[in-house]
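Read the structure below first, then the notes.
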Amino acid sequence: MNALQPYPIEPAMVRGAVEVEDTGRGLLPHRLPRAARRQIPDRFMVQTSAESAGVRLALRTAADVIELDVQARRIAPDPASPLPPGTYELTEHGRVVATADVPAGSRFVFTFDRPDGTVVPGPDATARFTGLATGAERDLELWLPYHDAVELLALRADAPVRPQAPTRQPRWVHHGSSISHGYRADTTTGTWPAVAALRAGAHLTNLAFSGNAMLDPFTARTIRDTPADLISLKIGINIVNGDTMRLRAFRPAVDGFLDTIRDGHPDTPIVLVSPIWCAPVETRAGPTVQDPARDQEWSIAGGTEDDVLAGKLSLQVIRAELAAIADRRRDDDHRLHYLDGLSLYSGQDAAAAPLPDNLHPGPDVQRLIGERFADRVLARFTPELQRSST
């Protein structure tokens, strides 16, 4: 076996980020640009937007062994409780060929009862992959853990490593909540957007921020300024979770979000996706709260059906409003499409594969949603987009 040699981590290797910061120690991928990060309104979003959902390194190499040194930070309830390792994955042609489990060294100490968001520094770590060589150069993607903010420090291998050639895959930008971020998935390639992208051969930029799909203007501006051949927006559950809007505010907020994106993408197909099934807030208003009668996480509605009659939002109301907004806007915007989230995961699906905390899909449902989105949405658009890019 050849000795490992250092190779530079180049910004051109990083995919799925909108900005790459040179920290002096290494490269830090961001899913929001600096101007947007300065406008983040709470500490929870500081961490969740920094996490690496969909971020990966695109490498060209004949190496048998690859090592990546990282400084990873994860949200934790306290400075000392044990954390499971994060899984780093190598894929080739959409298939996982190697994994490495690596501890998160630093912590972002946060709970909703104590939302200080204090950073507790910890040690660097190394993801090591072996047994990779096939005798020829190959294109690999190294996916970072979706639940960690990861600074890329050093890259070593026993054969030269360089960035892949620019991708010819259709560029898909997706925005959504913790469901799209991947919360409760086993690994990054098991989050539903990654499942869909790998299945359909799309170039994913995942701008889903756990707890923070709130129609924020800075998120719309980020999508506006990000190159895309297809945009999907999964809207609704976080607004109900937080009880942050009434119907009167929701309607123009959706229009404004779309208007901003259209400023930068006048002709790009946009798919407006309504929420998947979530029993506690289908007909009742938010916020979603934890059931005090249970020891384990279990979400219930904090509002009532009478609250909905008074202007609060349920998922049924949001689905009807998004469908109506898309129908109205299509008079002038023929590239806007609507997808009912129940076609991805319905009440009937919930009976067969329930949500483990009554809110977030487990690994089985994450994969189900990803496969359905690939087959029902990406398969519809990607052949057209691939032809137009050649």
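Do you know which residues across segment 46-69 are in a loop (DSSP other than H, G, I, E, B) and either of a type in the set (Val, Ile, Thr) or surrounded by fewer than 22 Cβ atoms within 10 Å (Cβ to Cβ) (or both)?
Correct list: Val55, Ala62, Asp64, Val65.
Looking at segment 108-125, can you tell me whether even one residue there is in contact (Cβ under 8 Å) with a residue 12 or more places away in the chain, of a type in the set (Val, Ile, Thr), surrounded by 15 or more Cβ atoms within 10 Å (Cβ to Cβ) and under 23 Å from Ala165 (Cβ atoms)?
There is no residue in segment 108-125 that is in contact (Cβ under 8 Å) with a residue 12 or more places away in the chain, of a type in the set (Val, Ile, Thr), surrounded by 15 or more Cβ atoms within 10 Å (Cβ to Cβ) and under 23 Å from Ala165 (Cβ atoms).
Which of the residues spanning segment 8-37 are assigned to a strand (DSSP E or B) and within 23 Å of His203 (Cβ to Cβ)? Break it down stepwise before answering.
Going through segment 8-37, the residues assigned to a strand (DSSP E or B) turn out to be 14-15, 19-22, 27-30.
Scanning segment 8-37 gives Val14, Arg15, Glu19, Val20, Glu21, Leu27, Leu28, Pro29, His30.
Within segment 316-353, which residues are of a type in the set (Ser, Thr, Tyr) and either over 22 Å from the mean Cα position of the chain (by Cα) or part of a helix (DSSP H, G or I) (or both)?
Within segment 316-353, just Ser343 meets the criteria.
Could you count how many residues in segment 186-202 are under 15 Å from the mean Cα position of the chain (by Cα), outside any loop (DSSP other than H, G, I, E, B) and not aliphatic (A, V, I, L, M)?
5
For (1) among the aliphatic types (A, V, I, L, M); (2) part of a strand (DSSP E or B), each residue gets a yes or a no:
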{"site": "Asp139", "(1), (2)": "no, yes"}
{"site": "Leu153", "(1), (2)": "yes, yes"}
{"site": "Pro166", "(1), (2)": "no, no"}
{"site": "His174", "(1), (2)": "no, yes"}
{"site": "Arg184", "(1), (2)": "no, no"}
{"site": "Leu204", "(1), (2)": "yes, yes"}
{"site": "Ile223", "(1), (2)": "yes, no"}
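Collect the residues in segment 13-38 that are loosely packed, with under 13 Cβ neighbours inside 10 Å and touching a residue at least 12 places away in the same chain (Cβ under 8 Å), keeping them in residue-number order.
The answer is Thr23, Arg34, Ala35.
Based on this model, can you work out whether Ala159 counts as outside any strand (DSSP E or B), touching a strand residue (DSSP E or B) at 6+ places or on another chain (Cβ under 8 Å), small (Gly, Ala, Ser) and not assigned by TED's automatic domain parsing to the domain that holds Thr205?
So Ala159 fits the description; yes.
State whether one or more residues within segment 357-374 are without any contact (Cβ under 8 Å) to a residue 24 or more places away in the chain, in contact with a Pro (Cβ under 6 Å, 6 or more places away or on another chain) and either within 27 Å of Leu258 (Cα to Cα) or not in a loop (DSSP other than H, G, I, E, B) (or both).
no
In segment 70-88, how many are buried (at least 20 other Cβ atoms within 10 Å of the Cβ) and of a type outside the set (Phe, Trp, Tyr)? Let's see the steps before the verdict.
Residues of segment 70-88 that are buried (at least 20 other Cβ atoms within 10 Å of the Cβ), as a first pass: 70-75, 86-88.
Still in the list and also of a type outside the set (Phe, Trp, Tyr): 70-75, 86-87.
Counting residues in segment 70-88 that are buried (at least 20 other Cβ atoms within 10 Å of the Cβ) and of a type outside the set (Phe, Trp, Tyr) gives 8.
Select from segment 270-291 the residues that are in a strand (DSSP E or B) and either over 24 Å from the mean Cα position of the chain (by Cα) or surrounded by fewer than 16 Cβ atoms within 10 Å (Cβ to Cβ) (or both) and list them in ascending order.
Val289
Does Asp267 satisfy the condition of being under 25 Å from the mean Cα position of the chain (by Cα), exposed (fewer than 14 other Cβ atoms within 10 Å of the Cβ) and not in a loop (DSSP other than H, G, I, E, B)? Spell out how you get there, then give the answer.
Working: under 25 Å from the mean Cα position of the chain (by Cα): yes; exposed (fewer than 14 other Cβ atoms within 10 Å of the Cβ): yes; not in a loop (DSSP other than H, G, I, E, B): no.
In short, no.
Kindly check whether there is at least one residue in segment 97-111 that is part of a loop (DSSP other than H, G, I, E, B) and aromatic (Phe, Trp, Tyr).
Kept after step one, since they are part of a loop (DSSP other than H, G, I, E, B), are these residues of segment 97-111: 103-105, 110-111.
Subsequent filtering for residues that are aromatic (Phe, Trp, Tyr) retains 110.
Checking segment 97-111: at least one residue is part of a loop (DSSP other than H, G, I, E, B) and aromatic (Phe, Trp, Tyr).
In segment 85-100, which residues are under 15 Å from Ala127 (Cα atoms) and either more than 20 Å from the chain's Cα centre (by Cα) or hydroxyl-bearing (Ser, Thr, Tyr) (or both)?
If the condition is that a residue be under 15 Å from Ala127 (Cα atoms) and either more than 20 Å from the chain's Cα centre (by Cα) or hydroxyl-bearing (Ser, Thr, Tyr) (or both), then Thr87, Tyr88, Thr91, Val97, Ala98, Thr99, Ala100 are the ones that fit.
Just to verify a result, which residue in segment 361-390, among those that are farther than 19 Å from Asp186 by Cβ and of a type in the set (Asp, Glu), is modelled with the highest pLDDT? Step through it out loud before you land on a result.
First pass over segment 361-390, keeping only residues farther than 19 Å from Asp186 by Cβ: 375-390.
Those still in the list that are of a type in the set (Asp, Glu) too: 375, 384.
Values: Asp375: 96, Glu384: 54.
The selected residue is Asp375.
Somewhere in segment 292-306, is a residue touching a Lys or Arg at 6+ places or on another chain (Cβ under 8 Å), buried (at least 19 other Cβ atoms within 10 Å of the Cβ) and not in a loop (DSSP other than H, G, I, E, B)?
Going through segment 292-306, the residues touching a Lys or Arg at 6+ places or on another chain (Cβ under 8 Å) turn out to be 301, 303-305.
Checking the rest, the ones that are also buried (at least 19 other Cβ atoms within 10 Å of the Cβ) come to 301, 303.
Now narrow it down to the ones that are not in a loop (DSSP other than H, G, I, E, B): 301.
Scanning segment 292-306 turns up at least one residue that is touching a Lys or Arg at 6+ places or on another chain (Cβ under 8 Å), buried (at least 19 other Cβ atoms within 10 Å of the Cβ) and not in a loop (DSSP other than H, G, I, E, B).
The values are calculated or read from the model by the stated rules, or taken from the named source; none is laboratory data. Predicted model, so just to flag it, every value in this text is computed and none were measured. Don't worry about glycine lacking a Cβ; one is built from the backbone with ideal geometry, like all the others, and counts go over all protein chains shown.
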